[in-house]
Amino acid sequence: MTLSAKSQRRLEDEMNRLRAEGAAFAVATVVRTVDATSAKPGGKALLDAEGTLIEGWVGGGCARGAIGRAARDAIARGEPQFVSLRPEELLEAEGVAPGEEREGIRFARNGCPSKGSMDVFVEPVLPQPRLVICGSGPVALALADLAARFDLCRVLCAPGAKREDMPEVEEFQDGFALDTEGAARRFVVVATQGRGDEAALRAALASGADHVAFVGSRRKFATLADRLAADGVDRAALDRVAAPAGLDIHAITPDEIALSILAQIVQWRRAHDRRREGQDA
């Protein structure tokens with residue numbers, strides 16, 4: 001089944017809209033069918049993080065539930081899913097239970113009277129993780145520059161700074177109004193270094209970021225944390241802040257400190273992914 005130009009445009013337009021919104025979604029593609037099925041090889045559909053069909057066609061109600069569940073799992077795990085929908089008689093003959101996974105294939109029951117079989121590849125499309133850098137000092141600028149080599153959307157929050165004097169980044173903000181919503185992972189690094197430390201740290205903690213780091217000494221952060229806690233900021237949230245920011249590689253220069261911070265972010269991401277894989281096993 002070859003999508004018409006009109007259908008292809010609709011899918012592409014919807015994908016572009018979802019990407020612009022920073023939404024997670026999945027693309028389901030029919031790769032194989034046997035006997036009578038309403039969808040044919042090449043059929044495509046977009047599904048949101050709840051598994052709800054947004055655009056396209058990969059079969060009727062008999063298939064949509066299994067594909068929706070696969071889309072939810074693909075987005076949650078960050079990994080593609082392969083679903084094989086088969087009539088109950090065929091599953092029983094092969095000794096496979098609905099919902100069972102074997103060698104990377106998830107089997108599902110196709111209850112349609114047509115008794116057809118269909119294999120569907122479900123691929124997650126996740127928003128790019130966001131690295132929010134607060135500050136315009138040497139460490140902040142070195143971090144913004146070095147992070148260009150990583151899969152990160154860089155957001156530089158530098159009150160009072162001129163954008164033309166800053167490194168080229170994906171987003172620039174003249175203030176600390178940080179995003180609090182969205183499906184993307186968010187890493188906030190407070191590198192204000194004496195110029196708006198408290199305001200930036202408050203904003204970072206209020207943003208609900210996955211990881212918050214503070215560039216400065218342990219003593220400086222402890223003093224600031226005590227002041228914020230006394231003002232009602234959650235002590236548990238303050239205790240989760242990586243301070244000083246970065247892995248301990250005895251970094252001295254701004255570039256070295258930036259490297260240590262990015263290494264810590266990579267460490268956090270990979271450890272989080274391994275924990276998630278362990279939970280899914």
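The values are calculated or read from the model by the stated rules, or taken from the named source; none is laboratory data. These numbers were taken from a predicted model, which means no experiment stands behind them. In this analysis, Cβ positions are derived from the backbone assuming ideal geometry, glycine residues included, and neighbour counts consider all displayed protein chains.
Does VAL212 qualify as being within 20 Å of SER136 (Cβ to Cβ), of a type in the set (Val, Ile, Thr), at pLDDT 95 or above and touching a Phe, Trp or Tyr at 6+ places or on another chain (Cβ under 7 Å)?
no
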Scan of region 252-266 for residues that are surrounded by fewer than 19 Cβ atoms within 10 Å (Cβ to Cβ) and either among the hydrophobic types (A, V, I, L, M, F, W, C) or at pLDDT below 95 (or both), ordered by number: ILE252, LEU259, ALA263, VAL266
statement: Of (1) more than 23 Å from PRO159 (Cβ to Cβ); (2) touching a Gly at 6+ places or on another chain (Cβ under 7 Å); (3) of a type outside the set (Ser, Thr, Tyr), GLN193 fails just (1)
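Might you let me know whether region 215-235 holds any residue that is touching a residue at least 60 places away in the same chain (Cβ under 8 Å), out of contact with any Asp or Glu (no Cβ under 8 Å at 6 or more places or on another chain) and in the same structural domain as ALA147 (by TED's automatic domain parsing)?
Within region 215-235, one or more residues are touching a residue at least 60 places away in the same chain (Cβ under 8 Å), out of contact with any Asp or Glu (no Cβ under 8 Å at 6 or more places or on another chain) and in the same structural domain as ALA147 (by TED's automatic domain parsing).
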- request: Report, by residue number, each residue of region 94-148 that is polar (S, T, N, Q) and crowded, with 17+ Cβ neighbours inside 10 Å.
  value: ASN110, SER117, SER136
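On the given criteria, is PRO138 farther than 30 Å from ALA20 by Cα and assigned by TED's automatic domain parsing to the domain that holds ALA204?
On the way: farther than 30 Å from ALA20 by Cα: yes; assigned by TED's automatic domain parsing to the domain that holds ALA204: yes.
Taking the combined requirement at face value, the residue satisfies it.
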message: Is it the case, given these coordinates, that GLY175 is at pLDDT 90 or above, within 30 Å of ASP255 (Cβ to Cβ) and touching a Ser or Thr at 6+ places or on another chain (Cβ under 9 Å)?
response: no
message: Checking ASP165 against (1) touching a Ser or Thr at 6+ places or on another chain (Cβ under 6 Å); (2) surrounded by fewer than 15 Cβ atoms within 10 Å (Cβ to Cβ): exactly one of these is not met. Which one?
response: (1)
field: Top-ranked residue of region 11-33 - restricted to ones that are acidic (Asp, Glu) and more than 14 Å from the chain's Cα centre (by Cα), ranked as farthest from ALA66 (Cα to Cα)
entry: ASP13
query: In region 131-165, how many are in contact with a helix residue (DSSP H, G or I) (Cβ under 7 Å, 6 or more places away or on another chain) and over 20 Å from ARG186 (Cβ atoms)?
result: 2
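Quick one: would you say VAL120 is modelled with pLDDT of 90 or more, within 29 Å of the chain's Cα centre (by Cα) and not assigned by TED's automatic domain parsing to the domain that holds ARG9?
no
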field: Subset of region 166-209 that is polar (S, T, N, Q) and either in a loop (DSSP other than H, G, I, E, B) or under 19 Å from the mean Cα position of the chain (by Cα) (or both) - its residue that is farthest from PRO124 (Cα to Cα)
entry: GLN193
- line: Per the filter on region 231-268, residues on the phi < 0 side of the Ramachandran plot and among the small types (Gly, Ala, Ser) are ALA236, ALA237, ALA242, ALA243, ALA245, ALA251, ALA258, SER260, ALA263
message: Condition first: free of Cβ contacts under 8 Å to residues at least 60 places away in the same chain and over 21 Å from GLY182 (Cα atoms). Now tell me which residues in region 117-136 satisfy that.
response: SER136
- prompt: Any residue at all in region 271-280 that is farther than 25 Å from LEU146 by Cβ, assigned to a helix (DSSP H, G or I), modelled with pLDDT of 95 or more and of a type in the set (S, T, N, Q)?
  reply: no
